[in-house]
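Working notes for the structure below.
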Amino acid sequence: MNSPSRPVTHLEKSDVLDGLFTSWRDIGVILQTLDSSDWTTETSLPGWTVHDVVAHIVGTESMLGGIATPEADVDVSTLEHVRNDIGVMNEHWVRKLRSLDPAELQQMFDTVTAQRRNELSDLPVEQWNNITATPAGPDTYGRFMRVRVFDCWMHELDIRDAVARPATAEELVGPASAMALDEMADSMGFVVGKLGKAPDGARVRIALTGPLQREINVAIQGRGRVVQDFGTEDPTSTVAVDGVLFTRIAGGRTTPGAHGDAITYGGDEVVGRRIVEHLKYVI
């Protein structure tokens, strides 16, 4: 693939893989606790049960390991919850694996993630830094794998939410959540500037609270750009929200209106509220 016109993301291989392998381990631990009714529980993802979420992870890692996407029994592009080509591919795997019983699917999860762990561990750094197609556009394979951390970690929360087993603070904090939030933070320039329409010159601080505490600063100078800080200047708008809730809104699992006073605003509240209303960027 030709080099993209925008800057590419070079990430330390060991850091990303630590997050990805931790996410797979944590999902595997949760799966061992599920009973038969848990597997058929609907999740916040339209059309998908817990079984389907696991099938999606298995399918994606199988595809990345070189296995061809299976044919579907229907034209999945006509399904209401399928919105793009990636969604079509996901649905092919989900429908193919839906007939497996939970024990078989869990075994597939264990097998494919073990295979991918070996493949990724052995991948030369040169290939890790190669430019490839990713869900975020052309970037390094390392960036693609950070997107995988984000995806798997979000699906861990999907499973936890569905079966009412939220993560403890200790379970939340770790390399998987840190890497997932890094991936999300890098998208906030687009979210704040393009989707939230923050005006030129705006300085927006999104303060995540709770166990996933961190600050995401976005400066609007023609376009939104994530910055370390604003120097000597104060933010023009602030948004404070629990870190987990932030990920669930941005991932389209819930809406700001469902959480009342859980989100607080400072400075230009009109801009802050508009950003939060358009925080969902994951399709």
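The values are calculated or read from the model by the stated rules, or taken from the named source; none is laboratory data. This is a predicted model, so every value here is computed, not measured. Positions of Cβ are backbone-derived with ideal geometry, glycine not excepted, and every protein chain shown enters the neighbour counts.
Go through (1) within 22 Å of Thr247 (Cα to Cα); (2) crowded, with 17+ Cβ neighbours inside 10 Å; (3) out of contact with any His (no Cβ under 9 Å at 6 or more places or on another chain) for Val58 and report which single condition fails.
(1)
Modelled with pLDDT of 95 or more, touching a His at 6+ places or on another chain (Cβ under 7 Å) and over 25 Å from Thr33 (Cβ atoms) - does that describe any residue in the range 193-205? Break it down stepwise before answering.
From the range 193-205, those modelled with pLDDT of 95 or more are 193-205; that's our starting set.
Next, only the ones that are touching a His at 6+ places or on another chain (Cβ under 7 Å) stay: 195-196.
If we keep only those that are over 25 Å from Thr33 (Cβ atoms) too, we end up with 195-196.
Looking for residues that are modelled with pLDDT of 95 or more, touching a His at 6+ places or on another chain (Cβ under 7 Å) and over 25 Å from Thr33 (Cβ atoms), one finds at least one in the range 193-205, hence yes.
If Trp39 meets every condition in (1) crowded, with 21+ Cβ neighbours inside 10 Å; (2) not assigned by TED's automatic domain parsing to the domain that holds Arg143 apart from one, which number is that one?
Going through (1) crowded, with 21+ Cβ neighbours inside 10 Å; (2) not assigned by TED's automatic domain parsing to the domain that holds Arg143 one by one, Trp39 breaks only (2).
Exactly one condition in (1) charged (D, E, K, R); (2) more than 25 Å from Asp26 (Cβ to Cβ); (3) surrounded by 16 or more Cβ atoms within 10 Å (Cβ to Cβ) is not met by Lys197; state its number.
Of (1) charged (D, E, K, R); (2) more than 25 Å from Asp26 (Cβ to Cβ); (3) surrounded by 16 or more Cβ atoms within 10 Å (Cβ to Cβ), only one is false for Lys197: (3).
Name the single residue that is nearest to Ile30 (Cα to Cα) among those in the range 69-114 being in a loop (DSSP other than H, G, I, E, B) and among the aliphatic types (A, V, I, L, M). Show your work before the answer.
In the first step, residues of the range 69-114 are kept if they are in a loop (DSSP other than H, G, I, E, B); the result is 69-75, 79-84, 98-101.
Pick out the ones that are also among the aliphatic types (A, V, I, L, M) and you get 72, 74, 79, 82, 100.
On the way: Ala72: 29, Val74: 31, Leu79: 29, Val82: 27, Leu100: 18 Å.
Top of the filtered list is Leu100.
Quick check on Gly137: is it closer than 24 Å to Ser177 by Cα and in a loop (DSSP other than H, G, I, E, B)?
On the way: closer than 24 Å to Ser177 by Cα: yes; in a loop (DSSP other than H, G, I, E, B): yes.
When the stated conditions are applied, Gly137 passes them.
Here is a check on your reading of the model: is Asp38 within 18 Å of the chain's Cα centre (by Cα), acidic (Asp, Glu) and part of a helix (DSSP H, G or I)?
Values: within 18 Å of the chain's Cα centre (by Cα): no; acidic (Asp, Glu): yes; part of a helix (DSSP H, G or I): yes.
No: the conditions fail for Asp38.
Note down all Cβ pairs under 7 Å where the first residue falls in the range 154-165 and is at pLDDT 95 or above, the second is surrounded by fewer than 19 Cβ atoms within 10 Å (Cβ to Cβ) and among the hydroxyl-bearing types (Ser, Thr, Tyr), and they're at least six residues apart or on different chains.
Asp158/Ser44; Asp161/Ser44; Ala162/Thr41; Val163/Thr41
Val58: assigned to a helix (DSSP H, G or I), closer than 17 Å to Ala164 by Cα and at pLDDT 85 or above, yes or no?
Values: assigned to a helix (DSSP H, G or I): yes; closer than 17 Å to Ala164 by Cα: no; at pLDDT 85 or above: yes.
For Val58, the condition - assigned to a helix (DSSP H, G or I), closer than 17 Å to Ala164 by Cα and at pLDDT 85 or above - is not met.
Among residues belonging to the range 80-121 that are in contact with a Pro (Cβ under 9 Å, 6 or more places away or on another chain) and not acidic (Asp, Glu), point out the one that is surrounded by the most Cβ atoms within 10 Å (Cβ to Cβ).
Result: Trp93.
Only one of Arg160, Arg148 is within 22 Å of Glu12 (Cβ to Cβ), of a type in the set (Lys, Arg), in the same structural domain as His51 (by TED's automatic domain parsing) and out of contact with any Cys (no Cβ under 7 Å at 6 or more places or on another chain); which? Give the steps one after another, and end with the answer.
Details: Arg160 fails: within 22 Å of Glu12 (Cβ to Cβ).
Exactly one of Arg160, Arg148 is within 22 Å of Glu12 (Cβ to Cβ), of a type in the set (Lys, Arg), in the same structural domain as His51 (by TED's automatic domain parsing) and out of contact with any Cys (no Cβ under 7 Å at 6 or more places or on another chain), namely Arg148.
Against the definition (buried (at least 17 other Cβ atoms within 10 Å of the Cβ), in a loop (DSSP other than H, G, I, E, B) and touching a Gly at 6+ places or on another chain (Cβ under 8 Å)), how does Ala178 come out, yes or no?
no
I'd like the full set of residues that are under 13 Å from the mean Cα position of the chain (by Cα) and not hydroxyl-bearing (Ser, Thr, Tyr), limited to the range 246-283.
Kept after step one, since they are under 13 Å from the mean Cα position of the chain (by Cα), are these residues of the range 246-283: 246-253, 280-283.
Once the filter is applied, which keeps residues that are under 13 Å from the mean Cα position of the chain (by Cα) and not hydroxyl-bearing (Ser, Thr, Tyr), the range 246-283 yields Phe246, Arg248, Ile249, Ala250, Gly251, Gly252, Arg253, Lys280, Val282, Ile283.
Can you name every residue in the range 115-134 that is in a loop (DSSP other than H, G, I, E, B), within 16 Å of Leu17 (Cα to Cα) and of a type in the set (A, V, I, L, M)?
Leu123
Among the residues in the range 74-97, are any in contact with a strand residue (DSSP E or B) (Cβ under 9 Å, 6 or more places away or on another chain), charged (D, E, K, R) and farther than 23 Å from Ala133 by Cβ?
no
So in the range 123-146, with the set limited to residues that are closer than 24 Å to Asp52 by Cα and crowded, with 18+ Cβ neighbours inside 10 Å, which one is modelled with the lowest pLDDT? If you could, list the steps in order and put the result at the bottom.
Here is the first cut: in the range 123-146, the ones closer than 24 Å to Asp52 by Cα are 134-136, 144-146.
From what's left, crowded, with 18+ Cβ neighbours inside 10 Å: 134, 144-146.
On the way: Thr134: 93, Phe144: 97, Met145: 98, Arg146: 98.
In this case the residue turns out to be Thr134.
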